[in-house]
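Everything below concerns the one structure shown next.
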Amino acid sequence: FLGQDQDRPHDPARMYPLIAAPLARHGIQLTYVATPAEAFDSGRLRHYDAILLYGNHETLTPAQEKVLLEFVEGGHEADTLIR
């Protein structure tokens, strides 16, 4: 769960437990990170099946973009939660 390090406009830190709790009851575990640098790390992503984007991140570094593309091309999911 990629949130952001700001409350506005989405307040992802507040929303995270509201989303994580119901998913956990169905066996889906979420991990919260606030920055693309934390999320788009190939060593970290190899432990996950999907990434949920819930924050305003307008740019990625070329390295972060490469990690995300490899993740998706490897058969994983990247979804955006729109509120």
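(1) 31; (2) 21; (3) 26: which one is percent of Cα pairs over 21 Å apart as calculated from this entry?
The value matching this structure is (3).
On a 1.4 Å probe surface of the protein chains, which of 16, 54 comes out largest in accessible area, and what is the full order?
Details: 16 50, 54 5 Å².
The residues order as 16, 54, largest area first.
Quickly estimate the mean residue ellipticity at 222 nm for the chain, helices only: each DSSP H run with n ≥ 4 gives -39500 (n - 2.57), and the total goes over all residues, rounded to 500.
Working: 4 runs with 33 residues, N = 83.
Mean residue ellipticity at 222 nm (helix-derived): -11000 deg cm²/dmol.
Looking only at 44, 25, 14, which one moves most when the chain is put into a Gaussian network model with springs between Cα atoms under 10 Å?
Among 44, 25, 14, the largest GNM mean-square fluctuation belongs to 25.
The values are calculated or read from the model by the stated rules, or taken from the named source; none is laboratory data. Every value quoted in this text rests on a predicted model; they were computed, and no experiment measured them. SASA here: full protein model, heavy atoms, side chains in, ligands and nucleic acids out. Shrake-Rupley method; radii C 1.70, N 1.55, O 1.52, S 1.80 Å.
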